[in-house]
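All of the numbers you see were taken from the coordinates with simple rules; none came from a lab. Treat the numbers as computed from the prediction; the structure is a model and nothing was measured. For neighbour counting, all protein chains shown are included, and Cβ atoms are generated from backbone atoms with ideal geometry for every residue, glycine included.
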Amino acid sequence: MFKLFKNLGKKELLMAFICLLLIFGQVWLELKMPDYMSEITVLVQSEGSQMNDILKNGAYMLACALGSLVSAIIVGYIAATISATLSMKVRKKLFDKVENLAMHEVKQFSTSSLITRTTNDITQIEMLVAMGLQLLLKAPITAVWAITKILDKSWQWSAITAVAVAILLTTVGTLIAIVLPRFKVVQKLIDKINGITRENLTGIRVIRAFNAESYQQEKFENVNNDLTSLQLFNQKSFAILSPIMYLVMYFLTLSIYFVGAILIKDALMVDKLALFGNMVVFSSYAMQIIMSFLMLAMIFMMLPRAQVSANRINEVLDTEISIKEGTLDKDTTNERGTVEFKNVSFKYPDAEEYLLRNISFKAEKGQTVAFIGSTGSGKSTLINLIPRFYDATEGEVLVDGVNVKEYKSEFLHNKIGYVSQKAVMFNGTVASNVAYGDNGKPELTEEQIKEAIKVAQGKEFVEKMDDKYNSHIASGGTNVSGGQKQRLSIARAIARDPEIYIFDDSFSALDYKTDSVLRKALKEHTADSTSLIVAQRIGTIINSDKIIVLEDGKVVGEGTHKELLKTCDVYKQIALSQLSKEELENE
């Protein structure tokens, strides 16, 4: 947990130091009050005492109480500021870290777990810091200071207080040992609930279509009941603490007065009044000690879960990023728009078998290179090596004649217009989704956005929307169709006007007519750019300059459509499964 505190700046550390000084002042004021109370007790019992002296000591007590109150308010404000700042910085650091993780590293944690770590886990740390700066500092200071003030009063009273403290420490230690392992399970169950809820919301249409609401409810209830049972056990365990604390506190007070009565009874008349005053002061200090342990108990109730949360956060922050950033942020060759694979092989980390084996090809500027093959042949994985979503295990991937590992990721990505296999829409407008991100160029104009949408064959449906280009797009594009999402996703890439286009099966949701019109418009618009297309349809890639056929991660054919029909059996089988012999002969 202390590793997270390194995120605090000098300003926050100075505030924490001020907080510590104020707490010292607050404790001094609170521990001074019993002295004035003792003085008042002696004055009341002594003959000839003046009312002014009693009132004066009472005024001092009131001033101490007010001073302690003001100090507590300031400490509370400072603690809230520090905890909120810490959570903000850790959340930002965690978010930035996740953005830089490789795809397989993100999958290692799961999306729902990363959401929990960024929200719930950080909230646990924030609550602990907010309470800890007030109670964790104050409690031991109060306890130690109060103990030093009562040690010389009476060894009998000190012994009774020591027994009470030992009981409290044993109780707290036992509870933490029982509850701590269960808090680890609690956070994992919260991950599961997040995952099931996210799955339920994402697949709501399928769930309703298959009448699977009860099945989903059962899945949710099973995890929810497990979490509830575990939380109930934890809360019941901690509920034992409160009655034990109060029992110890009341028995301690009773014991002090019982022993005090015996000591006063056996004392000389001269010492009786002093003993009575000491007993009143000692009982007040003893209550301060017990209250200190009550405060510590509150922190100990929060500490185990916060420690688990801190470990989960550090687990992400300590993950070593496998894809290292390059240093190149400018062009160093005369090549533009070229993509070359040199003996590239790839396997996922910890996997035994290679997914891609010895892939070699080169796409020149202005060429359209297509990739086709059966499901699982490695098409999407291959093109994902270009923007470095993964790094090649062996061999080199070159863009403009330079290994992609040498580029700064921002510079590399600005060369690429990427259209993912699953069209992704962000909460905003049509225009904001098309103009999404920083492409290293001036902000896109309205005309550029309209032109990109026109090329992507989206003009017709966009202009039918209520606010046209300013129409709202929901997160995930749930208020537009699959084909509309794909066209807006393609328009986003076109608007960047990149050197290289990557289309990862980006035409699958389009009808054949729209697909054909869109490809013709793209051919004209991207004549000077290189296009890499992953597709399942022969019709989408039939006019490509080069088609690469993949089978089990290997290149089994390379050439134009007509050449592959003659030389590649795999390609011919795919073609015949989609088109008749007559159609193929007419092509």
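Among 413, 472, which comes first, then next, by fewest other beta-carbon atoms within 10 Å?
Starting with the residue having the fewest Cβ neighbours, the order is 472, 413.
So which of 97/405; 6/97; 92/236; 347/562 end up more than 28 Å apart, counting from Cα to Cα?
Flagged as over cut-off: 92/236; 347/562.
Could you put 321, 453, 244 in order, starting from the residue whose Cβ has the fewest other Cβ atoms within 10 Å? Can you show the working numbers first?
Working: 321 11, 453 26, 244 16.
The fewest-first ordering by Cβ neighbours comes to 321, 244, 453.
On a 0 to 90 degree scale, rounded to 10, what angle separates helix 213-239 from the longest Cα axis of the chain?
It is inclined by approximately 20 degrees.
Which percent of the Cα-Cα distances in the range 502-573 go past 19 Å?
Within the range 502-573, distances greater than 19 Å cover 36 percent of Cα pairs.
Normalised by the residues of the range 2-317, what does the relative contact order come to in percent, with Cα pairs under 8 Å and at least six apart?
Rounded, it is 31 percent for the range 2-317.
Hey, which lysines would be in cross-link range of residue 32, C-alpha to C-alpha under 21 Å, not counting anything within fewer than 8 residues on its own chain?
Cα-Cα hits under 21 Å: 56, 138, 149, 153.
Taking only C-alpha pairs under 8 Å that are 6+ residues apart, what is the relative contact order of the range 423-497 in percent?
Dividing the mean separation by the residue count of the range 423-497 yields 53 percent.
Take 207, 494, 240 and order them by how many other Cβ atoms sit within 10 Å, fewest up front.
The order, fewest Cβ neighbours first, is 240, 207, 494.
For the range 480-511, which trypsin sites (Lys or Arg not before Pro) are in a loop by DSSP, counting at most 14 other Cβ atoms within 10 Å?
When the trypsin sites (Lys or Arg not before Pro) of the range 480-511 are filtered for loop state and at most 14 Cβ neighbours within 10 Å, nothing remains.
What is the antiparallel percent of DSSP beta bridges lying wholly in the chain, to the nearest 5? Numbers along the way, then the final one.
Details: 19 of 38 bridges.
So the antiparallel bridges in the chain amount to around 50 percent.
Got the relative contact order for the chain handy, in percent, Cα pairs under 8 Å and 6 or more residues apart?
So the answer I get is 14 percent.
Between helix 446-455 and the chain, what is the angle of the helix's C-alpha long axis to the longest principal axis, kept within 0 to 90° and rounded to the nearest 10?
50
Determine the calculated [θ] at 222 nm for the chain from helices alone, applying -39500 (n - 2.57) to every DSSP H run no shorter than 4 residues and normalising by the residue count; nearest 500 deg cm²/dmol.
-21000 deg cm²/dmol
Which pairs, out of 365/566; 219/468; 330/454; 89/408; 184/324; 450/513, put more than 30 Å between their alpha-carbon atoms? Before the final figure, lay out each step's value.
On the way: 365/566 27 Å; 219/468 41 Å; 330/454 32 Å; 89/408 25 Å; 184/324 32 Å; 450/513 21 Å.
In this structure, 219/468; 330/454; 184/324 lie more than 30 Å apart at Cα.
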